[in-house]
1. Does segment 46-66 hold any residues that are in a loop (DSSP other than H, G, I, E, B) and under 24 Å from Lys20 (Cβ atoms), and which are they?
2. Select from segment 29-79 the residues that are closer than 17 Å to His96 by Cα and within 8 Å of the chain's Cα centre (by Cα) and write down the one among them that is surrounded by the most Cβ atoms within 10 Å (Cβ to Cβ).
3. Checking Ala43 against (1) outside any loop (DSSP other than H, G, I, E, B); (2) small (Gly, Ala, Ser); (3) over 24 Å from Glu15 (Cβ atoms), which single condition isn't satisfied?
4. Hey, does segment 88-110 have a residue that's surrounded by fewer than 18 Cβ atoms within 10 Å (Cβ to Cβ), within 19 Å of Val19 (Cβ to Cβ) and of a type in the set (Phe, Trp, Tyr)?
5. Scan segment 61-98 for residues that are of a type in the set (Ser, Thr, Tyr) and closer than 21 Å to His26 by Cα and jot them down.
6. State all residues of segment 70-108 that are in a loop (DSSP other than H, G, I, E, B), of a type in the set (A, V, I, L, M, F, W, C) and at pLDDT 95 or above; if no residue qualifies, say none.
Amino acid sequence: MRELSELNRDRDGDEEVWVKHYSSKHQILLVGEGDFSFSCSLATCFGSASNIYASSLDSYDDVVRKYKNARSNLETLKRLGAFLLHGVDATTLHFHPDLRYRRFDRVIFNFPHTGFHRKESDPCQIQ
């Protein structure tokens, strides 16, 4: 992702980093994270995750059990200042105590992993 990022300075002299459609100045909510690799990549490119709220439907224990890189990704996100949430149902965000009054510039829900091991373009996989 690093090659996709651009650096700009705003009026306050703070560095703003852009990665495609996402800015380090945006308040970003990620829902349905699996191993938290996307949010970790974004935070790493930004050099900070203070603007990132990353969430999963699974509990912390389930996430680290299911995904071999999850623990490392979560540790990196925590170190960079991300707000991490587990057990979050994206269809009921308006009821979540940590999210219901927050406003976000970007809400990211990446295409969910289907659990199969064929090529992503395989019609059976897509179905």
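1. Result: Gly47, Ser48, Ala49, Ser50, Asn51.
2. Glu33
3. Exception for Ala43: condition (3).
4. Yes - at least one qualifying residue is present in segment 88-110.
5. Listed by number, the list holds a single entry, Thr76.
6. Hits for segment 70-108 are Leu80, Ala82, Val88, Phe104.
The values are calculated or read from the model by the stated rules, or taken from the named source; none is laboratory data. Computed from a prediction, not measured in an experiment: that's the story for all the values here. Virtual Cβ from ideal backbone geometry, glycine too; neighbours counted across all protein chains shown.
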